[in-house]
Amino acid sequence: MTALASRDPEAVPPRPPPDELDELTLARAQRGDARARRDLVVRYQRPVFALLSRMLHGRAAAPLVEDLAQETFLRVFRALEGFDRRGPARLSTWILTIAGRLAIDELRRRRLEVAPIDPAAEPAGPAAADADAERVRLAAALQHAIDDLSPEFRAAFLLREYHELEYAEIADNLQIDLGTVKSRLSRARAALRRALEEVYRA
């Protein structure tokens, strides 16, 4: 009976996390394969748009979000060949790092207007449920509180709470040490907590 050939563990690429691009497609994208690069954009465009939209909140920011998303992927493809597929950084984290830094740079350059709350979203008339009114009020207060955070605090908060990055990944993303990540998150959460407490007291 012929023995099964032993597999070289180096020859078998590790399976990526379920939300990551598979190893072979990533390798093709790094070699410049157009279809693989389209697959990469399709896989990661939603989290990129989500992060940029939350960082640059407001109706007036929509064209800017589109521009920065395009710039994000242009920079991704320019640097993709040097991305270490077997390194500690996940591809999604690396891409969000590029998007986050673009957003922070933009926020530092200009002060974006916070979009007014859409009156159509407010419950109108006595028929509106109290629960709906409270939910709208809390959501508006939370968004305003996030908008009031500094770009650096906002980035740390969104990467942790919305994109579920680990503290070490946030530190690498923002190029700060772990203690600074914890400090920024603590202060951001405290600011949001104060904003919500004011709503409850009103």
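Scanning segment 73-106 for residues that are assigned to a helix (DSSP H, G or I) and acidic (Asp, Glu) returns GLU81, ASP105, GLU106.
Filtering segment 138-166 down to residues that are under 21 Å from ASP19 (Cα atoms) and surrounded by fewer than 15 Cβ atoms within 10 Å (Cβ to Cβ), which residue is farthest from the chain's Cα centre (by Cα)? This residue is GLU166.
Can you find a residue that is at pLDDT below 90 and touching an Asp or Glu at 6+ places or on another chain (Cβ under 7 Å) anywhere in segment 158-167? So far as segment 158-167 goes, no, none of its residues is at pLDDT below 90 and touching an Asp or Glu at 6+ places or on another chain (Cβ under 7 Å).
Check segment 96-107 and report whether any residue there is loosely packed, with under 14 Cβ neighbours inside 10 Å and under 24 Å from ALA139 (Cβ atoms). If you could, list the steps in order and put the result at the bottom.
Going residue by residue through segment 96-107, those that are loosely packed, with under 14 Cβ neighbours inside 10 Å are 105.
Within this subset, residues satisfying the condition of being under 24 Å from ALA139 (Cβ atoms) are none.
The answer is no; no qualifying residue exists.
Selection of segment 46-96 for residues being of a type in the set (D, E, K, R), touching a helix residue (DSSP H, G or I) at 6+ places or on another chain (Cβ under 7 Å) and under 25 Å from GLU23 (Cβ atoms) yields ARG75, GLU81, ARG85. Taking segment 74-91, which residues are basic (Lys, Arg), without any contact (Cβ under 8 Å) to a residue 60 or more places away in the chain and surrounded by 14 or more Cβ atoms within 10 Å (Cβ to Cβ)? The answer is ARG75, and nothing else.
What do you reckon, is LEU21 within 23 Å of ILE176 (Cβ to Cβ), hydrophobic (A, V, I, L, M, F, W, C), at pLDDT below 95 and outside the structural domain of PHE157 (by TED's automatic domain parsing)?
Working: within 23 Å of ILE176 (Cβ to Cβ): no; hydrophobic (A, V, I, L, M, F, W, C): yes; at pLDDT below 95: yes; outside the structural domain of PHE157 (by TED's automatic domain parsing): yes.
Here the answer is no, as LEU21 does not meet what is asked.
The values are calculated or read from the model by the stated rules, or taken from the named source; none is laboratory data. Remember, predicted model here, so these are calculated numbers, not experimental data. In this analysis, Cβ positions are derived from the backbone assuming ideal geometry, glycine residues included, and neighbour counts consider all displayed protein chains.
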